Amino acid sequence: MADETTTAAAPEAVESPESANEEPQKPIDPDFEPEIIVFGCHYCAYAAADLAGSMRLQYPTNIRMIKLPCTGKLEIIHLLKALEAGADGVYAAGCLEGECHYLKGNLWARKRVEYTKKLLEEMGMEPERVEMFNMSSADGPLFAQRANEFTERIKRLGPSPVKQAKKAPAAKEGTPA
Amino acid sequence: MITAERKPFEEILELLEGKEKVLVAGCETCVAVCLTGGEKEAEILAAELSIKAKEDGRTLDVDHISAIRQCEWEYLDAIAEKVEQYPVVISMACGIGIQSMAERFPEKLVLPAVNTNMLGMPQEHAVWIERCGACGDCVLGVTGGICPIVRCSKSLLNGPCGGSHDGLCEVTGPNKEEIPCAWQLIHDKLIAQGRQDLLMKVTPPKDWSKSNSGGPRTMVKEEAKPV
Amino acid sequence: MSDNGLKAGSNLERMFAAGHFVVTGECGPPKSADYDIVAEKAKALASCTDAVNITDNQTAVVRIASMAAGYIAAQNGAEPIMQMTCRDRNRLAMQADILGANALGVYNILCLTGDHISFGNHPTAKGVHDIDSVNLIRMYKDMRDAKIFQCGEEMPVAPKLYIGCAENPFGDPFEFRTLRLKKKIEAGADFVQTQCIFNVPKFKKWMEMVRAEGLHQEIKIMAGITPIKGAGMARYMQKFVPGIDVPQEIVERIAAKEKGAPQQEEGKKLGAEMIKDLAEVEGVHGVHIMAVEWEPAVPEIAEMAGLLPRPKLS
């Protein structure tokens, strides 16, 4: 899922994680700026983000990173709470498999993310809104690339159904959201 | 321990249809140990219900709580204040806990969020295997400590049947898992113990009246009743 | 006991008593209220067998009740062996049914555990398994000989029963299979029909163990034979039917013939050869031919095996 090879839909999104044969999506709303929560591991993703910054690599401002001592600390409820609060997408960024500072924390995180995808399916939400990525602390460019890809993915999915519903009653009553 | 599995989300939604104020109640004993209905899982279900309600544009006031043991009055008292605020409680405890909750709070609508499934043993982390049928008339003493009532698919007291092959039962489990033939295990164990004479004894028909065929059971310890 | 020293006086029992090599067949009742199907199958088997098993919701699939189908078989000239599984009835129903069957003239009973309910067409039903087949045998023996119900209450008119059981020489644990037969004999079984035999050497080894225990002198042993209709069936049984042991050379022998009639002919020939072979084994008192949905093949196989005509007892 996280590392599937893909075909580009747009020339600049060379490594878009969406597969080419996916059903045609609704048109992308150019004004939609997704809110994305990243649970980043202190030992890899967080350091990789720093590196991306010092390398002056561009990545979207849509992501908000929460630092964890290890993605093994990530609980299913954290992913759900982010979505409940209106995040359009959530992903965990942990160390390369086999290189977890705590041996298996990133593997546990992957299982929890996979399980959460199932929960999203039963709730009628796109499971692609949660994801697990792996990278090393030296992967500044990969950090930026994943952030770009995931933001593209969420833009294509559109706003979270939670958020849409939140806005809907407000609009009905004619008050600003 | 008692094990349970969460009901499908769809079924939970059906049970809660039209309800606007719901408390998800976990239990910190058996269902918490089997990772189905402890506080963690109660919180997850509450979040799921909340997200689903938001998606659907419904109003839902949902929260969660967990009792140390839902099947005991004292521990229900400890969560009473919270329970009192909700007309509907969806319980993640075993069937005993759910009924205790309903009995302690008769004015509440108490619904089940799990299916209680067995008296199982944690064989390894996250794997439980049925071990006891609570039949009220234990035969483990003559079966090498292996229960033929729940571990033999046909509850044979004088097995094995003709379907035993290579140590396996002819039946495949509900999750397509292979089931060891209980009578092969009993046979091997009794021989290893030097008690093969037991294999030649016919165990007479079981007294199912000691199980729930005799009606719901009550156990009283007179010596321990309060004076 | 009956006056003549017989337990039930059925043709099956009398054939054994007269020292004949006994032949039984098998009739699976239909999945509908169709009298004629049972009658036809019974007529087809009546002339070439001494008694006919009437299966009891075979493979856990609902069919005409074995008691009713057994009665129909009797009306059409075939002596029934009513099968009774522990899967569908508790001890009350088992006793009630045997009293009813006996009152209708069904005397032979085969006591079985039964295929598991998950194999059939009602996999969500509750499997009963109140008592097991060993206790079922004991219960019927006590009804017949001691005139008592399982609870100990007496009855004025006891059923006349010739009690059978099944054993699978190819089930595991292998060496316990003879001992389990011994338990069934001690419980009261008069005859045993084995699971269908394809691996003859293994069966002969089992019979050696049976003779070593002297069991062949205590019970009438009928070797189970299932004629193979084609290579596909042989392969299916080899791979998917638990407790059935089909050696590769048998599959190859059938597969060597052309599909259809030539394979069927080979299957019948093989069945007849096996019967002749098994009849020579010391302690084998008869054959039980289970031609599953292939009843018309039975007369031919019996003919080829030299079992016809069946002796008529006066």
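In chain B, the ratio of gyration radius to Kirkwood radius, Rg to Rh, stands at 1.07 when only Cα atoms are counted. When the protein assembly as shown is described by a simple charge dipole with +1 on each Lys and Arg Cβ and -1 on each Asp and Glu Cβ, the residue from B:Gln123, A:Leu120, C:Ala146 located farthest towards its positive end is C:Ala146. Of the options B:Gly215, B:Pro87, B:Ser100, report the single residue whose Cα projects farthest towards the positive end of the charge dipole of chain B (beta-carbon charges: Lys, Arg +1; Asp, Glu -1). Checked the options; the winner is B:Gly215. The alpha-carbon atoms of segment C:80-160 define a convex hull whose volume equals 89 cubic angstrom per residue. Taking a ≥ b ≥ c as the square roots of the eigenvalues of the Cα gyration tensor, segment B:66-189 is prolate, since a/c reaches 1.5 or more and a/b is larger than b/c. Remark on segment A:88-157: hydrodynamic radius 12.8 angstrom, per the Kirkwood mean of 1/r across alpha carbon pairs. Here the scattering of segment B:82-142 is modelled by Debye summation over its C-alpha atoms, one equal scatterer each and no solvent; at q = 0.12, 0.15 Å⁻¹ the log10 of I(q)/I(0) is -0.46, -0.63. Among A:68-78, A:129-139, sorting by the average number of other beta carbon atoms lying within 10 angstrom of each residue, highest first, gives A:129-139, A:68-78. Size descriptors for segment B:2-117, from the alpha-carbon set: Rg then Dmax equal 12.7, 38 Å. Computed from phi, the 3J(HN,Hα) profile of segment C:283-289 under the Karplus parametrisation 6.51, -1.76, 1.60 (θ = phi - 60°) reads x, 8, 9, x, 10, 10, 9 Hz, with x in place of Gly and Pro.
Normalised by the number of residues in chain B, the average gap of Cα pairs under 8 Å and 6 or more apart makes the relative contact order 16 percent. Please give the Cα centre distance for segment C:13-46 versus segment A:27-78, rounded to the nearest Å. Here the answer is 77 Å between Cα centres. Its DSSP H runs of at least 4 residues, each contributing -39,500 (n - 2.57), put the calculated 222 nm mean residue ellipticity of the protein assembly as shown at -10500 deg cm²/dmol, to the nearest 500.
What do you get for the angle between helix B:182-192 and the principal long axis of chain B? Use alpha-carbon atoms, 0 to 90 degrees, nearest ten. On a 0 to 90 degree scale, this one is about 50. Counting, for every residue in B:41-50, the Cβ atoms of other protein chains within 10 Å of its Cβ and taking the mean gives 5. Taken residue by residue and averaged, Cβ atoms of other chains lying within 10 Å of the Cβ of B:198-210 number 4.
Could you sort the peptides B:61-70, C:202-211 by per-residue average Cβ neighbour count (10 Å cutoff), highest mean leading?
Most protected by this proxy first, the peptides run B:61-70, C:202-211.
Near the amide H of B:Ala4, within less than 5 Å, lie the amide hydrogens of B:Asn117, all on another chain or at least 5 residues away, with H placed in the peptide plane. Per residue, the solvent-accessible area of the protein assembly as shown (1.4 Å probe, heavy atoms of protein chains only, all protein chains present) comes to 46 Å². Calculation over all alpha carbon pairs of segment B:133-213 in 5 angstrom steps from 0 returns a P(r) of 3, 15, 25, 23, 18, 11, 3, 0 percent. One equal scatterer on each Cα of segment C:159-314, no solvent, Debye formula: the resulting log10 I(q)/I(0) at q = 0.12 Å⁻¹ is -0.53. For the set A:Lys155/B:Lys21; B:Lys201/C:Lys7; C:Lys126/C:Lys239; C:Lys182/C:Lys202, the pairs lying more than 23 angstrom apart at their alpha carbons are A:Lys155/B:Lys21; B:Lys201/C:Lys7; C:Lys126/C:Lys239. For segment C:49-114 versus segment C:210-276, the spacing of their alpha-carbon centroids is 25 Å. Of all the options C:Ala297, C:Ala272, C:Ala125, the one that moves most in a Gaussian network model of chain C with Cα springs shorter than 10 angstrom is C:Ala125. Normalise the Debye intensity by I(0) for segment C:20-105, one equal point scatterer per Cα, no solvent, then take log10 at q = 0.24, 0.25 Å⁻¹ and round to two decimals. Debye output, listed in q order: -1.16, -1.23. Mean partner shielding of peptide A:73-82, defined as the number of other chain Cβ atoms within 10 Å of each residue Cβ, is 3. Against the main long axis of the alpha-carbon atoms of chain B, helix B:39-56 sits at an angle near 50°. When the Gaussian network model of chain B links Cα atoms closer than 10 Å, the mean-square fluctuations of B:Arg131, B:Arg195, B:Arg151 top out at B:Arg195.
Kirkwood's formula applied to the C-alpha pairs of the protein assembly as shown gives a hydrodynamic radius of 30.7 angstrom. Using only the C-alpha atoms, the convex hull of segment C:205-266 corresponds to 98 Å³ per residue. Dividing the alpha-carbon radius of gyration of chain C by the rule-of-thumb value 2.2 N^0.38 Å gives 0.95.
Against the 2.2 N^0.38 Å scaling, with N counting residues, where does segment A:56-172 land? I'd like the Cα-based Rg ratio to two decimal places. Let's see the in-between values first.
Values: Rg = 14.9 Å, N = 117, 2.2 N^0.38 = 13.4 Å.
Relative to the 2.2 N^0.38 Å estimate, segment A:56-172 comes out at 1.11.
Measuring only protein heavy atoms, the 1.4 Å probe finds C:Met233 accessible over about 60 Å².
The values are calculated or read from the model by the stated rules, or taken from the named source; none is laboratory data. All values reported here derive from a predicted model rather than from experimental measurement. Please note: Cβ atoms are built from the backbone with ideal geometry, for glycine as well, and neighbour counts cover all protein chains shown. Side chains included, ligands, DNA and RNA excluded: accessible areas come from the protein's heavy atoms. Shrake-Rupley method; radii C 1.70, N 1.55, O 1.52, S 1.80 Å.
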